[in-house]
Amino acid sequence: MLHLIKKFTIHFNERMIQRFSQEDLPLLEKTIEKAITKAVPGEKLKYTHPLYGITVVIQKLGLNGGELITCWKGSANV
């Protein structure tokens, strides 16, 4: 899962499991993929998927990958 993410820490993985149910993980992956396509290499981008209500902050690494900095579902405004 989340094959586009190049940097993934154990701590972040544990936090992601706490924040998202198994049913939400495919939606999270789609949101991350959309954010990566919108960002330019080296850029940090905060993207909220309009239908899923999932927000991700990524830093694009290279052309097709990225570092997932944080993510959440709902109206939290970080």
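The values are calculated or read from the model by the stated rules, or taken from the named source; none is laboratory data. Source: prediction; values computed, not measured. Cβ sites come from the backbone with ideal geometry, for glycine too, and all protein chains shown count toward neighbours.
Which of the following residues is within 17 Å of residue 13 (Cα to Cα) and among the small types (Gly, Ala, Ser): 62, 74, 42, 66?
Working: 62 fails: within 17 Å of residue 13 (Cα to Cα); 74 fails: within 17 Å of residue 13 (Cα to Cα); 42 fails: within 17 Å of residue 13 (Cα to Cα).
66 is the lone residue from the list that is within 17 Å of residue 13 (Cα to Cα) and among the small types (Gly, Ala, Ser).
When the residues of the range 20-29 are filtered to those that are in a helix (DSSP H, G or I) and either in contact with a Phe, Trp or Tyr (Cβ under 6 Å, 6 or more places away or on another chain) or of a type in the set (Asp, Glu) (or both), which remaining residue is surrounded by the most Cβ atoms within 10 Å (Cβ to Cβ)?
Restricting attention to the range 20-29, the residues satisfying the condition of being in a helix (DSSP H, G or I) are 25-29.
With either in contact with a Phe, Trp or Tyr (Cβ under 6 Å, 6 or more places away or on another chain) or of a type in the set (Asp, Glu) (or both) added as a condition, the list becomes 27-29.
Values: 27: 17, 28: 22, 29: 16.
Going through the qualifying residues, I end up with 28.
For residue 32, are the conditions met, namely being under 19 Å from residue 75 (Cα atoms) and part of a strand (DSSP E or B)? Don't jump to the end; show me each part of the working.
On the way: under 19 Å from residue 75 (Cα atoms): yes; part of a strand (DSSP E or B): no.
Answer is no for this residue.
Which members of the range 45-59 meet the condition of being touching a Ser or Thr at 6+ places or on another chain (Cβ under 7 Å) and under 20 Å from residue 14 (Cβ atoms)?
Across the range 45-59, the qualifying residues are 54, 55, 56, 57.
Cβ-Cβ distance below 7 Å, separation of 6 or more or different chains: which pairs start in the range 16-27 with a residue that is at pLDDT 90 or above and end on one that is outside any loop (DSSP other than H, G, I, E, B)?
Between residues of the range 16-27 that are at pLDDT 90 or above and residues that are outside any loop (DSSP other than H, G, I, E, B), the close pairs are 24/73; 27/54.
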